[in-house]
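Quick notes on the structure that follows.
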Amino acid sequence: IGLGLVGFGTFFLLFGMLLYFDSVLLAFGNILFLSGLVFIIGFRRTFTFFFQRPKLKGTSFFLGGVLIVLVRRPLLGMLLEAYGFITLFR
């Protein structure tokens, strides 16, 4: 289930970017991706990964970007998400 959710989330994110940053598709993709991640590695491990002390900057940018996409500012939200993603997995 988790792998399918992550796959559909990635598909919706890419499809939303191809359709000139459609905010509904991007928001749906973000929700599916994060819920799939929780299904794959578990809630506790996901929480501890995102909220480690050295990764708080990346987490805040990534989750802030998700929140901004949800309030229909897709370009700014995706830029913040990309920066947070790079900072998290550096």
Quick one: would you say LEU80 is modelled with pLDDT of 95 or more and farther than 19 Å from ILE1 by Cβ?
yes
Among the listed residues GLY29, GLY16, GLY58, GLY7, identify the single one that is more than 16 Å from PHE85 (Cα to Cα), open to solvent by less than 30 Å² (accessible area, probe 1.4 Å) and part of a helix (DSSP H, G or I).
GLY16
Would you check if LEU80 is closer than 14 Å to PHE21 by Cβ, out of contact with any Ser or Thr (no Cβ under 6 Å at 6 or more places or on another chain), open to solvent by less than 70 Å² (accessible area, probe 1.4 Å) and not assigned by the TED database to the domain that holds LEU32?
yes
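Is there a residue in segment 36-43 that is crowded, with 18+ Cβ neighbours inside 10 Å, outside the structural domain of LEU3 (by the TED database) and of a type outside the set (D, E, K, R)? I'd like the intermediate steps shown before the answer.
Our first condition is that a residue be crowded, with 18+ Cβ neighbours inside 10 Å; within segment 36-43, this holds for 36-37.
When the remaining residues are screened for being outside the structural domain of LEU3 (by the TED database), the result is none.
No, segment 36-43 has no match at all.
The values are calculated or read from the model by the stated rules, or taken from the named source; none is laboratory data. Model, not experiment: these values are computed from the prediction. Neighbour counts run over all protein chains shown; Cβ positions are idealised from the backbone, glycine included. What goes into the accessible areas is simple: the full protein's heavy atoms, side chains included, and nothing from ligands, DNA or RNA. Shrake-Rupley method; radii C 1.70, N 1.55, O 1.52, S 1.80 Å.
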